[in-house]
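Worksheet for the structure shown next.
The values are calculated or read from the model by the stated rules, or taken from the named source; none is laboratory data. Owing to the predicted nature of the structure, the values given are computational and were not obtained by experimental measurement. Cβ: placed from backbone, ideal geometry, glycine included. Neighbour counts: every protein chain shown.
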Protein chains: 2
Amino acid sequence: MSVHPVLIDGAWRPSTGSRSFQAVNPATKGLLPDLFPVSPWDEIEQAIHAAHRAFQQTATWPGDRFATFLERYADRIDAKAGELVAVANAETALPVEPRLAKAELPRTTNQLRQAAAAAREGSWLRPIIDSKANIRSIFGSLGPVVVFGPNNFPFAFNGISGGDFAAAVAAGNPVIAKGHSSHPGTTRLFAIEAHEAARETDMPTGFVQLIYRTDHADGEKLVSHPLMGATGYTGARATGMVLKAAADRAGKPIYLELSSINPVVVLPGAITERGPAFADEFTGSCLMGAGQFCTNPGLVLALAGPETDAVLETIGQKFATAPVGTLLGEGVLKHLEAGIVKLRSAGAEVVAGGAAGGGAGFCYRNTLLKVSASRFLKNPADLQTEAFGNSSLWVLAQSSEELLQVLETLEGNLTGTIYSANDGRDDRLYDQVAPVLRRYVGRLLNDKMPTGVAVSPAMNHGGPFPATGHPGFTAVGMPTSIQRFAMLHSYDAVRPHRLPAALQNKNPTGKLWRLIDGAWTTGDVST
Amino acid sequence: MSVHPVLIDGAWRPSTGSRSFQAVNPATKGLLPDLFPVSPWDEIEQAIHAAHRAFQQTATWPGDRFATFLERYADRIDAKAGELVAVANAETALPVEPRLAKAELPRTTNQLRQAAAAAREGSWLRPIIDSKANIRSIFGSLGPVVVFGPNNFPFAFNGISGGDFAAAVAAGNPVIAKGHSSHPGTTRLFAIEAHEAARETDMPTGFVQLIYRTDHADGEKLVSHPLMGATGYTGARATGMVLKAAADRAGKPIYLELSSINPVVVLPGAITERGPAFADEFTGSCLMGAGQFCTNPGLVLALAGPETDAVLETIGQKFATAPVGTLLGEGVLKHLEAGIVKLRSAGAEVVAGGAAGGGAGFCYRNTLLKVSASRFLKNPADLQTEAFGNSSLWVLAQSSEELLQVLETLEGNLTGTIYSANDGRDDRLYDQVAPVLRRYVGRLLNDKMPTGVAVSPAMNHGGPFPATGHPGFTAVGMPTSIQRFAMLHSYDAVRPHRLPAALQNKNPTGKLWRLIDGAWTTGDVST
C-alpha cells in the first residue's frame, strides 16, 4: 500500500520522507492498513514558506474572508460526517454514539461556525480609539500558526478542525496542522475537506496545510522558526515542555494545554445532604469516555469521617461494576499504569481497580484511590501526578485546616470545583476554600462536575501552569480564544484613509463594538 | 558610612548580606557616597513569603483599595519632587529641567493616578457574562510581581514607581521592586514614600518591598519561584533573556522590554517635500536625552540619491555641532562603543561622530552611520545591533524593491515609522511598505518621530520579539497594560452571592462596562 501524501502549498504531494507509520485500532490492538508519512525537515520548511507567502496575502484581509472559508469548511464536514465518525471510531475506539456523532462532531462544526461569526463580527479585534491623542489600537494576525492536536478529541481539538485551528484562522492566520499520530486517517479526511473549502473560497495555497508526523527535533525547529507566528499545542506534558522551551527561546508565543487533575472539594454538608447523588455525578464524570478528558475530576478533597467513608464505598462499588472503557491507545494505557504506580508509591491506597484489563482492547480497571491529607502533604508533587484516564484520587483531611493546607500545595489546574450544602452550613468553610482554590484554577465551579466545557465567551479553558503556559488565555470560547493568535497593533497619527476599517472614524458595520474615548459603543467617532 | 537597609515585610531592615555597592555620578565619573546592599537569597526569600502573605489578604480586595494606595503614593511623590529630582540628576546626569522635573516626574505621578483610576473604574477586569449558560469571567490578580526597572527612566519605569509597578498594583498584586544599580538613591526615596503610603492606606506589610541588587542566579530563582505571580523587566537583552528562560521553565509570565531600533522609512516624496524639516525632527528625536530612549530612531531606510545625500549631509552637520549629552553610565558607554564597532565591522560607514568623548563625563560623539542596502542584506543580523544612545544607522536602497527586501529582514521592534509626501506621490510605495513594517512593529507611525510614548489606552509600547517577549501586550497605557499582571477567572454555575461584585447581575457601580450576552453595557443582567 502506498503512503498517503501530505498537504503542502495547496496540493496533495507525496512526502519526500522515507519513513511511515500506521495507526492502531485500540479496541482490537490491530494495526490499521493505511500508511502515513513522517515528514522530513525540508518538507516542513516548504510548508513554513508556503504559509508565509499565504500570510503576506491574507494579512490585510477583512474577517469576512476567513469567516467564509470556515463556514464552507463546516458545511463540508457535516456532509462527510458518516465517514469521519467511522474512521475516528476505528482509530480511537470512542463510541460512535453519542460521543462522536452526536456530541463531538456537532461541537466541532459549531466551533468553526462560532469562529466564523466572531471573525465577521470583529469584536475580538478590540478596537480602542483615543481620539484626542489620535492613537488607535486593534489586534491583528501574527503569522502562520502550527497546531498540534491531542489524542483525546479527534474532532474538536484536531489540529486541522479543532478549537485552536478555528481560533487561529479566525484571527487571520494560515495554519500548519500537525496531526496526532493516533488518528491520522481522521485528520486526513478533515484535511481533504479543509483543502477543498479553501479552494472554493479562494484562500491562497499554503493557507491550510497538513503534516502527519515529524521528528522531535524538527518540531522544535518548526515552533521557533522566524517565519512562524505562534503555536497551539494540546497533549502530553513532557513533549509540550520541549516545544515550549524551543518557542520561548525564539520569543514565539506558544499556547499549551499540558495537564490538569481538576480538584473537586466536597464539603461535609454536601456529603450529608446529597452523598448518593454526589457519588452518581462523580462516577459519571470520572468514567465517561474512560476518563480521557482534560477536565476529568482526578483529585477529590473531603473531610474524613463515616459519611465520607460511606460515599467512598458507594463510589468504589460503582467503579467496580461500571463497564470499563477502551483507552485511546497503548500509550495512554502505559501512562495511566505508570501514573497509578507513582501515586501508590507515594502512599495512595487502592479502593477499586488498580490493574490493567476489565474491558476490550487497551483498558485499565476503573480505579479509585485514597490517601490521607497528612500523607499527601509529605509528597504533594508525586500525589498530583496526572493519571490520565478512568482514575481518581481522594484525599481525606482530618480537619478544615488540613484541607486548606492541601489546597495550598496545588499546582495550576484548568478547573476547581466546590460542592457545598444548600442550607448554608458549609458557607464559612466555602469562604476559606474558594479564595485558595481560585488562585490555582482557571474555572471555578459550584455543585457540578468539571467535565463538559461549554463554548461560551465567558469560558476559561485555561489556568496557571502546568495546566497551560499562561494563565491569561483560554483555549475554548469565541471570541475570547481568538485573542491568543493575535498581536497588538497601535496606529499613531496614521493618516485616516490608511487606517484599518475598524479604526476609522466611521464604524464600518454600524455593529462593531469599539472603545472610543473610554466608552464602548457601536457608533462613530464624533468629529 | 553604613549600608542602607532594605524594605522587607513592611519594615526597613539591615540587609543580611555582606556585600555593598555605590552609584556613580555619570557627569563627574565620581563614586557617590551612599552604600547599598546586595541582598542574599535568604533575604529575597523572606520578601517572597511576605509578598505571598500580603497577596492572601489582598486577593479579594476591591480595586478601590489599590487605587487609594496609588493616589496617596502619587501625592507623596509630588511632595518629595525636589529631592527626587536632585538625587536622580546626580545618579543619571539627566537634566533637572525640563527632563526630570517637568517631564518624567509628572508623567510618573500621572501614570500612578491613571492606574488608580483604572483600578477603581474596573474596566480592565473585562467582565463577560453569558447569562444563558450561567458562565461568567473576569480578570483577577495573579500573585506577587517582581519588577526590574531599567537605567534610562529613573522615575517613569522605576521598579517601585514606574509603569510596570503601577500596572501590577492596579491589578491587585503585591510588588517586589528590584532597583536598578545605577540609581539606588532615587529608588530608595521612592520606596520611603511607597512604604509610608502603604501604611497610611492600610496595605498589608509585604505589599510593597524593595531590594537593590541580587546575584544573577538569585534573580533567576526569584522570577521562577512557585509563590511568584509574574515578572516585569525592562533592560538589557542579555540579562533579560536569562530571566526569561528561568521564568519560562517555571511557566511564570514574564513581560520584557529588551531592545528596539525603531525603523524609520522616509519615502522619496517626503525627502523632496520637506527634507530640511525632516532633518530637524530626526536630529531632535535621535539626540534628545543622548538618545537613551527605547523608541530612539536607530535605523532609517531611504532610497539613495542626491536629495537623500543632501539630507544626510545636513544631519551629519547637525550631529557634529549639537551638544553631546552625558550617558547614564560607563556601562551604557561601553555598550554603545561595542555596538558601533559591530555595525562598522558589518560595513557601516561613519558620517559623523564614531568615537567616545565630546561632552562631559561618560559620553560618545553624536554618531551618524550609513550603509548600502545591498551590504545590509548580506548581514542583516549584525546591522540591526542596537547601539543604545545618540547614534543612528541609515540604510540606503537603490530601489523600492531593495528597500522592501531590507524590511523583510527586520527583527521585532516597538515602533515603525513612515514619512511620505503629502501630495500622494508616495502612496503606492507606502501601500507596499506599510504591510511589511506592520508585521514587525507594535506601533506604526506616520510623519512623526517615535520618541514620546503617550500614556493612552490605545498605546502599544510593545511588539514582536526581541522588542518584547510577547506581541499581544503593551507596557504603557491604562488600562491596557494592567492586563499583563492578571489571570483569567471563569465562574461556572457559582452561586450568585459568591460571585465577585463585578459579575453579579446588578452592575456594582452603574458605570462598569461589561460584555453581557454579546453586548457591552453599563446596565444590569436582565433577569
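Let's see how each residue does on (1) within 29 Å of the chain's Cα centre (by Cα); (2) of a type in the set (Ser, Thr, Tyr); (3) not assigned by TED's automatic domain parsing to the domain that holds A:Gly412:
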| residue | (1), (2), (3) |
| --- | --- |
| A:Thr283 | yes, yes, no |
| A:Leu303 | no, no, no |
| A:Gly329 | yes, no, no |
| A:Arg365 | yes, no, no |
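Can you give me the number of residues within segment A:135-155 that are in a loop (DSSP other than H, G, I, E, B), of a type in the set (S, T, N, Q) and at the interface with chain B (Cβ under 9 Å from one of its Cβ atoms)?
Of the residues in segment A:135-155, the ones in a loop (DSSP other than H, G, I, E, B) are A:142-144, A:149-155.
Then keep just the ones that are of a type in the set (S, T, N, Q); that gives A:151-152.
Among the residues that remain, those that are also at the interface with chain B (Cβ under 9 Å from one of its Cβ atoms) are: none.
Final tally of qualifying residues: 0.
If you scan segment A:115-132, which residues turn out to be touching a residue at least 60 places away in the same chain (Cβ under 8 Å), surrounded by 24 or more Cβ atoms within 10 Å (Cβ to Cβ) and under 19 Å from A:Ala454 (Cβ atoms)?
Hits for segment A:115-132 are A:Ala115, A:Ala118.
For segment B:246-256, which residues satisfy the criterion of being touching a residue at least 24 places away in the same chain (Cβ under 8 Å) and either touching a Gly at 6+ places or on another chain (Cβ under 8 Å) or surrounded by fewer than 22 Cβ atoms within 10 Å (Cβ to Cβ) (or both)?
Initial filter on segment B:246-256 (touching a residue at least 24 places away in the same chain (Cβ under 8 Å)): B:246-247, B:249-250, B:252-256.
If the condition is that a residue be touching a residue at least 24 places away in the same chain (Cβ under 8 Å) and either touching a Gly at 6+ places or on another chain (Cβ under 8 Å) or surrounded by fewer than 22 Cβ atoms within 10 Å (Cβ to Cβ) (or both), then B:Ala246, B:Arg249, B:Ala250, B:Lys252, B:Pro253, B:Ile254, B:Tyr255, B:Leu256 are the ones that fit.
Which residues, counting only those in segment B:249-285, are of a type outside the set (A, V, I, L, M, F, W, C), within 14 Å of chain A (Cβ to nearest Cβ) and either assigned to a helix (DSSP H, G or I) or within 22 Å of B:Gly339 (Cβ to Cβ) (or both)? Outline the logic, then answer.
In the first step, residues of segment B:249-285 are kept if they are of a type outside the set (A, V, I, L, M, F, W, C); the result is B:249, B:251-253, B:255, B:257, B:259-260, B:262-263, B:268-269, B:272-276, B:280-281, B:283-285.
Next, only the ones that are within 14 Å of chain A (Cβ to nearest Cβ) stay: B:249, B:251-253, B:255, B:257, B:259-260, B:262, B:269, B:281, B:285.
The answer is B:Arg249, B:Glu257, B:Ser259, B:Ser260, B:Asn262, B:Gly269, B:Glu281, B:Ser285.
Among what's in segment A:98-134 and is over 29 Å from B:Ala434 (Cβ atoms) and among the polar types (S, T, N, Q), pick the residue that is nearest to the other protein chains (Cβ to nearest Cβ).
A:Gln114
If B:Val433 meets every condition in (1) at pLDDT 95 or above; (2) assigned to a loop (DSSP other than H, G, I, E, B); (3) more than 7 Å from every other protein chain (Cβ to nearest Cβ) apart from one, which number is that one?
Exception for B:Val433: condition (2).
Restricting attention to segment B:337-353, does a residue exist that is basic (Lys, Arg), closer than 25 Å to B:Thr92 by Cα, at pLDDT 95 or above and within 28 Å of the chain's Cα centre (by Cα)? Write out each step before concluding.
Step one: filter segment B:337-353 for residues basic (Lys, Arg), giving B:342, B:344.
Pick out the ones that are also closer than 25 Å to B:Thr92 by Cα and you get none.
There is no residue in segment B:337-353 that is basic (Lys, Arg), closer than 25 Å to B:Thr92 by Cα, at pLDDT 95 or above and within 28 Å of the chain's Cα centre (by Cα).
Where the second residue is crowded, with 24+ Cβ neighbours inside 10 Å and in a loop (DSSP other than H, G, I, E, B) and the first is polar (S, T, N, Q) and lies in segment A:154-172, which pairs have Cβ atoms under 7 Å and are six or more apart or on separate chains?
Pairs that qualify, where the first residue is polar (S, T, N, Q) and the partner is crowded, with 24+ Cβ neighbours inside 10 Å and in a loop (DSSP other than H, G, I, E, B), are A:Asn158/A:Gly149; A:Ser161/A:Phe155.
Filtering segment A:516-526 down to residues that are of a type in the set (Val, Ile, Thr) and assigned to a loop (DSSP other than H, G, I, E, B), which residue is farthest from the other protein chains (Cβ to nearest Cβ)?
Looking only at segment A:516-526, we keep the residues that are of a type in the set (Val, Ile, Thr), and these are A:516, A:521-522, A:525.
Filter again for assigned to a loop (DSSP other than H, G, I, E, B), leaving A:522, A:525.
On the way: A:Thr522: 9, A:Val525: 12 Å.
Applying the filter and picking the extreme gives A:Val525.
Which residues, counting only those in segment A:489-501, are within 8 Å of chain B (Cβ to nearest Cβ) and without any contact (Cβ under 8 Å) to a residue 24 or more places away in the chain? Break it down into steps so the answer makes sense when it comes.
Taking segment A:489-501 and keeping what is within 8 Å of chain B (Cβ to nearest Cβ), we get A:489-495, A:498.
Of everything in segment A:489-501, those that are within 8 Å of chain B (Cβ to nearest Cβ) and without any contact (Cβ under 8 Å) to a residue 24 or more places away in the chain turn out to be A:Arg495, A:Arg498.
So which of B:Ala191, B:Ala133 is within 21 Å of B:Arg13 (Cα to Cα) and more than 18 Å from the chain's Cα centre (by Cα)?
B:Ala191
Scan B:Phe69, B:Phe36 and give me the residue that is crowded, with 21+ Cβ neighbours inside 10 Å and touching a strand residue (DSSP E or B) at 6+ places or on another chain (Cβ under 7 Å).
Values: B:Phe69 fails: touching a strand residue (DSSP E or B) at 6+ places or on another chain (Cβ under 7 Å).
Answer to the check: B:Phe36.
Condition check ((1) away from chain A (no Cβ under 14 Å); (2) over 22 Å from B:Gly463 (Cβ atoms)) across all residues:
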| site | (1), (2) |
| --- | --- |
| B:Ala356 | yes, yes |
| B:Phe362 | yes, yes |
| B:Thr385 | yes, no |
| B:Gly389 | yes, no |
| B:Leu393 | yes, no |
| B:Ser400 | yes, yes |
| B:Glu411 | no, no |
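Out of everything in segment B:43-55 that is under 30 Å from B:Gly329 (Cα atoms) and of a type outside the set (Val, Ile, Thr), what residue ends up being surrounded by the most Cβ atoms within 10 Å (Cβ to Cβ)?
The initial filter retains those residues of segment B:43-55 that are under 30 Å from B:Gly329 (Cα atoms), namely B:43-44, B:47.
Checking which are of a type outside the set (Val, Ile, Thr) leaves us with B:43, B:47.
Numbers: B:Glu43: 20, B:Ala47: 25.
Filtering first and then ranking leaves B:Ala47.
Out of all the residues in segment A:436-455, which are touching a helix residue (DSSP H, G or I) at 6+ places or on another chain (Cβ under 9 Å), assigned to a loop (DSSP other than H, G, I, E, B) and of a type outside the set (Val, Ile, Thr)?
Our first condition is that a residue be touching a helix residue (DSSP H, G or I) at 6+ places or on another chain (Cβ under 9 Å); within segment A:436-455, this holds for A:436-437, A:439-440, A:444, A:446-452, A:455.
Now drop any that are not assigned to a loop (DSSP other than H, G, I, E, B), which leaves A:447-452, A:455.
Of everything in segment A:436-455, those that are touching a helix residue (DSSP H, G or I) at 6+ places or on another chain (Cβ under 9 Å), assigned to a loop (DSSP other than H, G, I, E, B) and of a type outside the set (Val, Ile, Thr) turn out to be A:Asp447, A:Lys448, A:Met449, A:Pro450, A:Gly452.
Is there a residue in segment A:491-504 that is of a type in the set (Asp, Glu) and either buried (at least 18 other Cβ atoms within 10 Å of the Cβ) or modelled with pLDDT under 95 (or both)?
Looking only at segment A:491-504, we keep the residues that are of a type in the set (Asp, Glu), and these are A:492.
Going one step further and asking which of them are either buried (at least 18 other Cβ atoms within 10 Å of the Cβ) or modelled with pLDDT under 95 (or both), we end up with A:492.
Looking through segment A:491-504, at least one residue is of a type in the set (Asp, Glu) and either buried (at least 18 other Cβ atoms within 10 Å of the Cβ) or modelled with pLDDT under 95 (or both).
List pairs: first residue in segment B:446-468 and more than 7 Å from chain A (Cβ to nearest Cβ), second residue assigned to a strand (DSSP E or B) and small (Gly, Ala, Ser) anywhere in the structure, Cβ distance under 9 angstrom, at least six positions apart or on different chains.
Hits for this filter: B:Pro450/B:Gly416; B:His461/A:Ser490; B:His461/B:Gly442; B:Gly463/B:Gly416; B:Gly463/B:Gly442; B:Ala467/B:Gly442; B:Thr468/B:Gly442.
Can you confirm whether A:Ala246 is within 13 Å of another protein chain (Cβ to nearest Cβ), modelled with pLDDT of 95 or more and within 23 Å of B:Asp492 (Cβ to Cβ)? Write out each step before concluding.
Values: within 13 Å of another protein chain (Cβ to nearest Cβ): yes; modelled with pLDDT of 95 or more: yes; within 23 Å of B:Asp492 (Cβ to Cβ): no.
Answer is no for this residue.
Kindly indicate whether any position in segment B:389-404 is more than 21 Å from B:Val311 (Cβ to Cβ) and touching a Pro at 6+ places or on another chain (Cβ under 8 Å).
No: segment B:389-404 contains no residue that is more than 21 Å from B:Val311 (Cβ to Cβ) and touching a Pro at 6+ places or on another chain (Cβ under 8 Å).
Residue-wise test of (1) of a type in the set (Lys, Arg); (2) closer than 20 Å to A:Glu273 by Cβ; (3) surrounded by fewer than 23 Cβ atoms within 10 Å (Cβ to Cβ).
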site	(1), (2), (3)
A:Asn390	no, no, no
A:Leu393	no, no, no
A:Gln405	no, no, yes
A:Leu414	no, no, no
A:Thr417	no, yes, no
A:Ala421	no, yes, yes
A:Tyr440	no, no, yes
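Show me the strands (runs of 3 or more DSSP E) found entirely inside segment A:313-421 where at least 1 residues are farther than 26 Å from A:Ala467 by Cβ and without any contact (Cβ under 8 Å) to a residue 40 or more places away in the chain. Can you show your working first?
Numbers: elements: A:349-352, A:367-372, A:391-397, A:413-419.
Ranges flagged: A:349-352.
Can you tell me how many residues within segment B:472-481 are more than 8 Å from chain A (Cβ to nearest Cβ) and assigned to a helix (DSSP H, G or I)?
1
Results for (1) touching a Phe, Trp or Tyr at 6+ places or on another chain (Cβ under 8 Å); (2) more than 8 Å from chain A (Cβ to nearest Cβ); (3) without any contact (Cβ under 8 Å) to a residue 60 or more places away in the chain, shown as yes or no for each residue.
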position: B:Leu444; (1), (2), (3): yes, no, yes
position: B:His470; (1), (2), (3): yes, no, no
position: B:Gln483; (1), (2), (3): yes, no, no
position: B:Met487; (1), (2), (3): yes, no, no
position: B:Leu503; (1), (2), (3): yes, yes, no
position: B:Gly510; (1), (2), (3): no, yes, yes
position: B:Arg514; (1), (2), (3): yes, yes, no
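So B:Ser181 passes all but one of these: (1) within 14 Å of chain A (Cβ to nearest Cβ); (2) surrounded by fewer than 24 Cβ atoms within 10 Å (Cβ to Cβ); (3) out of contact with any Asp or Glu (no Cβ under 7 Å at 6 or more places or on another chain); (4) among the small types (Gly, Ala, Ser). Which condition number does it fail?
(1)
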